[in-house]
Structure formats: structure tokens, C-alpha cells
Amino acid sequence: MTRKRDLDDVCGIARTAGVLGDWWSLLVLREVARGHTRFDELARELAISRKVLTERLKALVDHAVLERRPYQDRPVRHTYELTERGRAFLPVLIGMQDWADRWLFGDGTLTATAEDGSAETARVRELVGGAVPPGLTLTGSDGSTHDVVAEDSPVTVLFTYPATGMPSPLPDNWADIPGAVGCTLENRLFRDAWESFRAAGAAVRGVSTQRPDEQAAFAAAEKVPFPLLSDGELRFAAALRLPSFRAAQQLRLKRLILVVSGADRTVRHALYPVTDIPAAVDEALSLARRTADTLPAP
């Protein structure tokens, strides 16, 4: 027994479970990543007792996974923000979600898309009416840091995609994964329609988990006029619980399109799954125009 415990003391899995292996601790991290950072927000979203929530938050702060930041003086109240250590755990959360989508909610098939009625489809559709958390910035193909929601446009159209095959080759058997093929086509279609999106008052953002240098090389080769954002750390994926799949030992974002109003960061429309890419781009343009027309004048 002592020998086993000694081994656990130097086992990374055992030590991580001691810090983050609790049901409520994992769900607290999930909600903080989604932008619910105040105590009352967390209690409401999780339907958790205040005593249990207080205990879990204290433990996560003590382990430097979260940090407290005051936002009110009288009485003093705090938000709970992810530290660098906490942000480093986000790929584990998305990995857990991906495992469940494939093996618990699905039949184990590797796929880059989903069926109507699936858990993934339900999650994406629940995004409509919710807000993209503020301060969610990613590195773009132009080398700059961009908020995923454009600050200078009434509407932002965000499309996520698994990966392009340039400059890095795609994994073997990529074409055999349902829904994986079509990323270059999708980028080209958004590129060709970019002026129409601009005329509609919409900014366009493409997001994948590819590295910024890969995004930059592709954007230059294809003359993509809008930023391609790198979510390699899965911050955006965790914030919205986006569907993903694992190929060549890397988590990839499944293809979807979100139409977001800029001022309040509200998701107005969500297209998922995207099976007909040209039709989805046309629909995104139509939805962007409709959304811009319904927004109050600045």
C-alpha cells in the first residue's frame, strides 16, 4: 500500500486527479472558460450549492488554476479568472468533450461532422441567443492579435474548419473522414464573397487549430483578405464548447458558421452541421444581411 502511494505521488495522472479530478471542479473550469466568472453566475449555471461552490473555488485558487480579481469594492466581490496554469488545461477539457461525443454520445466513428439530433448539434444550437465572452483574442494570419468578434463591424461571421492542406500536408486518410474535406474551398468561397459581406456590414473571421504560421502561409497563397485565427490553445473552442475531432493526434474544429452581432457579442445564427459548403456560405451572407438590418442604428 505504501509503495502504491509512493508511486501515485510521482504520477502526473494521480496528481492531476487530486487537483482537478472532482466533478464540480471540472464543471467550474468549464463555466469559467465560457465566461461565467462571477460567483452568482457560476452558482446559477451549475445549480450548485453555495457551500460546495465556495469550497471548489477556494481549492482551484489555492492550486493557482484560478485567480480572484476584485470588480466591486462595497461589498468586495471578485471574478474568478483562469491563470496560465488553468488555460493550459483547456485542451484536456476539449479532449474530454471530444471523447464523449465520439464514444458516449456516438458509436465510436471518427467524423468531422454530425447528425441532426446529436449532442454536438444540440450544443451548437444552444449557442444562439448567448454571448461570445469578451476579451477572447487569437493570433491572426497577419501576425496581429484579433478579438474573435470584430469591434468595428455591426456583424461578425465566424467560420471554423478542420485544416487546409497548405503548407503542411493533411494526415493520411483525411478524405476518409466524413466532413473533413473542403476547407480550401470554403476559404475561397468566403474570399470571393468578402466584398459582399463587407457591403452587408459584416466582418469575416476563419478559425482553425492550425498554427499562425500555417494560417499565414495559406492566407498569402490564397490571397485571403480577412484574418484566419489560430485556436491552437483551444480557448475559443472551450468558450463555446465547439465540436471537435482528433486526427493525426491533433484536435481539429468541426466545420460550422456563427453569425454574431458586434455590439453585444450575441450569437444570432448558427449553421451546423455544414454539409453543403457553397450553400452554407450563401446562407451565411443572407443571415449577415438580415442580422445587420435588424440591429439598431449606431
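Annotations
- Note on region 160-200 and region 34-98: Cα centroid distance 35 Å, given to the nearest whole angstrom.
- Prolate/oblate/rounded label for region 91-228 (Cα gyration tensor, a/c 1.5): oblate
- ³J(HN,Hα) computed for each position of region 103-113 - Karplus, 6.51 cos²θ - 1.76 cosθ + 1.60, integer Hz, glycine/proline x: 9, 9, 8, x, 9, x, 6, 6, 8, 9, 9
- Distance in nm between pseudo-label sites at E222 and C11 (7 Å out along the Cβ direction from Cα): 4.5
- Sequence-distant residues sharing a close amide H with V155 (under 5 Å, placed H): A203, G262
- For D8, D62, the ranking by accessible surface with the largest value first comes to D62, D8, using a 1.4 Å probe.
- Kirkwood Rh, Cα atoms: Rg over Rh of the chain: 0.99
- Averaging the sequence gap over all C-alpha pairs within less than 8 Å and six or more residues apart, then dividing by the number of residues, gives the chain a relative contact order of 21 percent.
- With each label modelled as a point 7 angstrom along the Cα→C-beta vector, the W99-A199 pair spans 5.0 nm.
- Cα-centre dipole for region 1-86 with unit charges at Cβ (Lys and Arg positive, Asp and Glu negative), debye to 20: 180
- Extension reserve of the L27-T145 stretch, reckoned as 0.36 nm per residue once the Cα distance is removed: 39.6 nm
- Simple label model, 7 Å out from Cα along Cβ direction - E67 to V52, nm: 2.9
- Listed residue (G232, A203, P167) projecting farthest to the positive dipole end of region 131-284, Cβ model: G232
- Length gained when the stretch E41-V76 is fully extended (0.36 nm per residue, less Cα-Cα span): 11.0 nm
- Portion, in percent, of the accessible area of the chain that falls on carbon or sulfur, probe 1.4 Å: 51
- Computed over region 1-150, the convex hull of the alpha-carbon atoms projects to a mean area of 13.6 nm².
- Convex hull volume per residue in cubic angstrom - Cα atoms of region 89-167: 159
- Built amide H within the under 5 Å cut-off of V181, gap 5+: none
- Listed residues V207, V76, V267, most fluctuating in the chain (Gaussian network, C-alpha, under 10 Å): V76
- Region 50-123 - Rg and Dmax from Cα coordinates, angstrom: 17.7, 54
- Candidate residues C183, C11: accessible-area rank, largest first, probe 1.4 Å: C11, C183
- Overall, the anisotropy analysis places region 182-240 in the oblate class: the square-rooted eigenvalues a ≥ b ≥ c of its C-alpha gyration tensor yield a/c not less than 1.5, with a/b not exceeding b/c.
- Measuring r between the beta carbons of Q250 and T275 and using R0 = 25 Å, the FRET efficiency lands at 0.65.
- Per residue, the accessible area of region 210-295 comes to 38 Å², computed with a 1.4 Å probe over protein heavy atoms only.
- Relative packing of peptides 51-59, 154-162, 32-40 - highest average C-beta neighbours within 10 Å first: 154-162, 32-40, 51-59
- Residue-by-residue Karplus 3J(HN,Hα) for region 222-233, coefficients 6.51, -1.76, 1.60, Hz, glycine and proline x: 9, 6, 6, x, 10, x, 9, 9, 9, 10, x, 8
- Dipole of the chain computed with +1 at Lys/Arg Cβ and -1 at Asp/Glu Cβ about the Cα centre; of V76, T275, I177, farthest Cα towards the positive end is V76.
- Length added when fully stretched, A131-D116, from 0.36 nm per residue minus Cα-Cα: 3.1 nm
- Dividing the summed helix terms, -39500 (n - 2.57) for each DSSP H run of n ≥ 4, by the number of residues in the chain produces a 222 nm estimate of -12000 deg cm²/dmol to the nearest 500.
- Karplus-derived HN-Hα couplings along region 24-35 (A = 6.51, B = -1.76, C = 1.60, θ = phi - 60°), whole Hz, x at Gly and Pro: 5, 4, 5, 6, 4, 4, 4, 6, 5, 4, 7, x
- The chain - share of DSSP beta bridges that are antiparallel (%, nearest 5): 75
The values are calculated or read from the model by the stated rules, or taken from the named source; none is laboratory data. Only a predicted model underlies this, so the values are computations on that prediction, with no experimental measurement involved. Heads up, the Cβs are rebuilt from the backbone with ideal geometry, glycines too, and the neighbour counts pull from every protein chain shown. Just the protein is used for accessible areas: all its heavy atoms, side chains included, with ligands, DNA and RNA removed. Shrake-Rupley method; radii C 1.70, N 1.55, O 1.52, S 1.80 Å.
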